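Notes for the one structure printed next.
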Amino acid sequence: MSDWPKVRLHVVTGKGGTGKSTVASALALALATRGRNVLLCEVEGRQGIARMFDVDPLPYQERRLTTGLPDDDGGRGVVHALHIDAESALLEYLSMYYRLGRAGKALDRFGVIEFATTIAPGVRDVLLTGKVYEAVQRNSRNKNAIEYDAVVLDAPPTGRITQFLNVSNELAGLAKVGPIKAQSDTMMTLFRSQRTAVHLVTVLEEMPVQETADGIAELRAARLPVGGVVVNQVRPRDLDADDLAAARAGTLDRGRIDADLAEGGIAVSPELVDGLLAEAADHAERRALEDSQRELVARLDVPSYELPRLAGGIDLGGLYELAGLLRAQGMA
Ligand SMILES: Nc1ncnc2c1ncn2[C@@H]1O[C@H](COP(=O)(O)OP(=O)(O)O)[C@@H](O)[C@H]1O
Ligand SMILES: [Mg+2]
């Protein structure tokens, strides 16, 4: 059973480089089970999704990306992908709202794009979130559009996420009445509801963990729903506490290391053993740092999930592996 049964919109944020795009993709794969349709979207990203799944750059149009992680009975769903940019979202909005015909589109294409590049950042954000909102709220009235069981958003970083989702605030002063105000209010209702969860990705280092704590406080202050913390790129934990302490103190048994190496058919030299001991000390040091950061994460009082650092980086197989780990821990 998932920890987030009511959530339709999963927003994935985090400090840049911690693995937002990786985790968003793995979560989408994990959610796409048993015939479910999941939409994975990025906003003004650098085509990270396309790169990660090794497909052509994504247009402003939903594309079938891949099948999801199967469940125990082999039931799969489908992950679709969408790249949202403000210019295309504005064109779509105008053509829907004002029912611009073909002439209107041709006339406005250049003007609109120029306009969109100069508009206030707040308005730009609302165009992006507006498209996400449309995908989440979609219903069967439009027979050509897919209804999604879940939408996963590869979102802007922690420092910007509250402002990004706080659309009515961004428009304050700009639109106090009228259709834009009404629309931003309905969007806020979704973003603040239990159908949305904002998950934060971190690694076990001081700065990102601090940023995660600050981000959670900001989201709560803005009454936006905090989801889980995904602790990514965790080092393997295969040494026990005694060995770690010995490695840090430099008191590991040289004789045992010599013997193990020799048994493995490796020519033993003192330099080799020195090198290994230094690496072990370094690893133990980092593990100690990680453990203290892990305690801080536990005190954040939100569900947390851990993903290992995969040796050799992330390929498609790696994404499915991470998806399986997220599902096993109840995130999906
Ligand atoms: N669990 C992991 N194991 C190994 N490499 C990872 C893992 N998570 C992310 N990475 C790598 O770290 C880099 C940053 O990840 P990415 O998801 O692009 O971060 P972000 O979107 O937050 O900038 C990428 O090269 C990615 O392949
Ligand atoms: Mg990214």
Residue count, the stretch 9-45 (criterion: of a type in the set (A, V, I, L, M) and closer than 15 Å to Arg160 by Cα) = 3
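What strands (runs of 3 or more DSSP E) lie completely within the stretch 1-103 and have 3 or more residues being within 16 Å of ligand 2 (Cβ to nearest atom)?
Working: elements: 9-14, 37-43, 63-67, 78-84.
Correct list: 9-14, 37-43, 78-84.
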note = Exception for Val229 within (1) open to solvent by less than 60 Å² (accessible area, probe 1.4 Å); (2) out of contact with any strand residue (DSSP E or B) (no Cβ under 6 Å at 6 or more places or on another chain) falls at (2)
inquiry  = Suppose the filter is open to solvent by less than 10 Å² (accessible area, probe 1.4 Å), within 21 Å of Gly215 (Cα to Cα) and within 16 Å of ligand 1 (Cβ to nearest atom); does Thr22 pass it?
reply    = no
key: In the stretch 52-93, the residues that are within 24 Å of Thr22 (Cβ to Cβ), open to solvent by less than 30 Å² (accessible area, probe 1.4 Å) and not hydrophobic (A, V, I, L, M, F, W, C)   = Thr66, Gly68, Asp71, Gly77, His80, His83
message = Looking at (1) more than 16 Å from ligand 2 (Cβ to nearest atom); (2) in contact with a helix residue (DSSP H, G or I) (Cβ under 9 Å, 6 or more places away or on another chain), which one does Leu307 not meet, given that it meets all the others?
response = (1)
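Can you tell me which of Leu272, Leu322 is open to solvent by less than 70 Å² (accessible area, probe 1.4 Å) and either within 16 Å of ligand 2 (Cβ to nearest atom) or modelled with pLDDT under 90 (or both)? Talk me through it step by step, then tell me what you get.
Values: Leu272 fails: either within 16 Å of ligand 2 (Cβ to nearest atom) or modelled with pLDDT under 90 (or both).
Of the residues listed, the single one that is open to solvent by less than 70 Å² (accessible area, probe 1.4 Å) and either within 16 Å of ligand 2 (Cβ to nearest atom) or modelled with pLDDT under 90 (or both) is Leu322.
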request  = Scan (1) surrounded by 15 or more Cβ atoms within 10 Å (Cβ to Cβ); (2) without any contact (Cβ under 8 Å) to a residue 60 or more places away in the chain for the single condition Asp253 breaks and write down its number.
outcome  = (1)
task = For Ala280, work out the one condition from (1) surrounded by 13 or more Cβ atoms within 10 Å (Cβ to Cβ); (2) within 18 Å of Glu205 (Cβ to Cβ); (3) small (Gly, Ala, Ser) it doesn't fulfil.
result = (2)
task = Mind checking which helices (runs of 4 or more DSSP H) fall wholly inside the stretch 183-297 and carry at least 2 residues that are under 26 Å from Val136 (Cα atoms) and either out of contact with any Ser or Thr (no Cβ under 8 Å at 6 or more places or on another chain) or small (Gly, Ala, Ser) (or both)?
result = 206-221
message = Please verify whether Asn142 is part of a loop (DSSP other than H, G, I, E, B), polar (S, T, N, Q), more than 16 Å from ligand 1 (Cβ to nearest atom) and modelled with pLDDT under 80, treating the condition exactly as stated.
response = yes
key: Residues satisfying the stated conditions in the stretch 1-18, i.e. open to solvent by less than 10 Å² (accessible area, probe 1.4 Å) and of a type outside the set (Ser, Thr, Tyr)   = Leu9, His10, Val11, Val12, Gly14
Cross-chain or 6+ apart pairs with Cβ under 7 Å, the stretch 2-26 first and closer than 19 Å to Thr196 by Cβ, then open to solvent by 40 Å² or more (accessible area, probe 1.4 Å) and more than 10 Å from ligand 2 (Cβ to nearest atom) = Asp3/Pro303; Lys6/Gln194; Lys6/Arg195; Val7/Arg195; Arg8/Arg195; Leu9/Arg195
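Residues Arg327, Arg309, Arg299: which one is over 28 Å from Val55 (Cα atoms) and either open to solvent by 50 Å² or more (accessible area, probe 1.4 Å) or in contact (Cβ under 8 Å) with a residue 40 or more places away in the chain (or both)? Don't jump to the end; show me each part of the working.
On the way: Arg327 fails: over 28 Å from Val55 (Cα atoms); Arg309 fails: over 28 Å from Val55 (Cα atoms).
None of the other options fit; the residue is Arg299.
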query = Can you name the residue in the stretch 25-51 that is of a type outside the set (A, V, I, L, M), open to solvent by less than 20 Å² (accessible area, probe 1.4 Å) and within 13 Å of ligand 1 (Cβ to nearest atom) and is also modelled with the lowest pLDDT among such residues?
reply = Gly48
query = Which condition breaks for Glu290 when tested against (1) open to solvent by 60 Å² or more (accessible area, probe 1.4 Å); (2) out of contact with any helix residue (DSSP H, G or I) (no Cβ under 9 Å at 6 or more places or on another chain)?
reply = (1)
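The values are calculated or read from the model by the stated rules, or taken from the named source; none is laboratory data. From a predicted model like this one, the values you see are computed outputs, not experimental measurements. Cβ sites come from the backbone with ideal geometry, for glycine too, and all protein chains shown count toward neighbours. These area figures cover heavy atoms from the full protein model, side chains too; ligands, DNA and RNA do not enter into them. Shrake-Rupley method; radii C 1.70, N 1.55, O 1.52, S 1.80 Å.
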